[in-house]
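Everything below concerns the one structure shown next.
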Amino acid sequence: MCYHTEVTTDVKRLEARMKAVALEAEKHRTGRFTGFAHPFLPVMLQGATAEIRHFQWGLLPEWVKDFAAAKKLADQTLNAMGETIAEKPSFRGSVNQQRCLVLVDNFLEWRHTELGKQAYRMKLIQENEPLRALGGLWSFWKEPVTGMDFRTFTIITTEANEEMAWVHNTKKRMPLVLEESQFETWLSNASFRDIQPMVRPAPHGSLKPEAV
C-alpha cells in the first residue's frame, strides 16, 4: 500500500522540473505526509500537462451522498488496487479520462521485524536520473449542502517488486511508479484498456530502500 509520502521540492523547482505552471501554488507544502490527514499534494492531470494542481488525498467520486459519507470513504480510497480499478465503483469512473501523476519525491513503508517496525524511504526523485512519479486517479465532488468543491485523488498500487516485498513484508504491495518516458502515455486520451500493461511493479533494482 502507500499511505506515507514526502515532498521535498519547492513549487518553483517543481514547475521547472515538470515544465508546467502551478495553479494553486499557495497550497504547496514540503514535508512528510500521511494520507489519513488528507493533505493537498501536487498532481498533473490527464489532458492538462501544462498545469500542476494541488488535490486532496482520498478520492471522492461524484456520487457520494453527503459529507459524513465522504469523510468515511476518503480513508478507504487513499489507494486503489491496480488489478481491480476498472471494476470498483469508486474508481471505474476515473480510469479512462481522469488519470493523474502524483508528484511526490519519495514514499515510505515499514518493514515488520521481531524487534518492531523499521521505516524505509523509497526515493523517486534523484539527481542526474530521469523523473519518476506515482500513477493515480482523480475525481471531483460537490458537497450538496454547501456547494463546496472537492478535487481529490488516489494512488494506484500493484504487487510489490523484489525490494518492496522485502520492505513491505506483510501485504507485499507498492505504489505504481511511472518513469518519465511513460508520463505522456499515462496522461494521454488512451483508454485504460490500452494502457493497462503499464500497471505493474517497478523494475527490480529501480528503488533502493533507505532506512530512516
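The values are calculated or read from the model by the stated rules, or taken from the named source; none is laboratory data. What you see is a predicted model; the values in this text were computed from it and never measured. All Cβ positions, glycine included, derive from the backbone under ideal geometry; neighbour counts span all protein chains shown.
Before moving on, here are some points about what is shown:
- Long-range neighbours under 6 Å by Cβ, at least six apart or interchain, first residue without any contact (Cβ under 8 Å) to a residue 40 or more places away in the chain within the stretch 149-177, second among the hydrophobic types (A, V, I, L, M, F, W, C): Lys172/Ala160; Lys172/Ala165
- Scope the stretch 49-81; condition over 17 Å from the mean Cα position of the chain (by Cα) and not acidic (Asp, Glu); matching residues: Ala50, Trp63, Val64, Lys65, Phe67, Ala68, Ala69, Ala70, Lys71, Lys72
- On inspection, Glu24 passes the criterion of being closer than 16 Å to Asp149 by Cα and of a type in the set (Asp, Glu).
- Highlighted here are the strands (runs of 3 or more DSSP E) found entirely within the stretch 23-88 that include at least 1 residues which are buried (at least 19 other Cβ atoms within 10 Å of the Cβ), basic (Lys, Arg) and out of contact with any Pro (no Cβ under 6 Å at 6 or more places or on another chain): 48-57.
- Candidates are the residues of the stretch 160-189 that are among the charged types (D, E, K, R) and farther than 24 Å from Arg111 by Cβ; the one that is surrounded by the most Cβ atoms within 10 Å (Cβ to Cβ) is Glu179.
- In the set Leu41, Leu23, only one residue is touching a strand residue (DSSP E or B) at 6+ places or on another chain (Cβ under 7 Å), of a type outside the set (Ser, Thr, Tyr) and more than 30 Å from Lys172 (Cβ to Cβ); that residue is Leu23.
- Candidate set: the stretch 154-209, residues that are at pLDDT 95 or above, in contact with a Phe, Trp or Tyr (Cβ under 7 Å, 6 or more places away or on another chain) and not β-branched (Val, Ile, Thr); chosen: the one nearest to Ala86 (Cα to Cα): Met198
- Of the criteria (1) at pLDDT below 95; (2) in contact with a strand residue (DSSP E or B) (Cβ under 6 Å, 6 or more places away or on another chain), which one Pro144 fails: (2)
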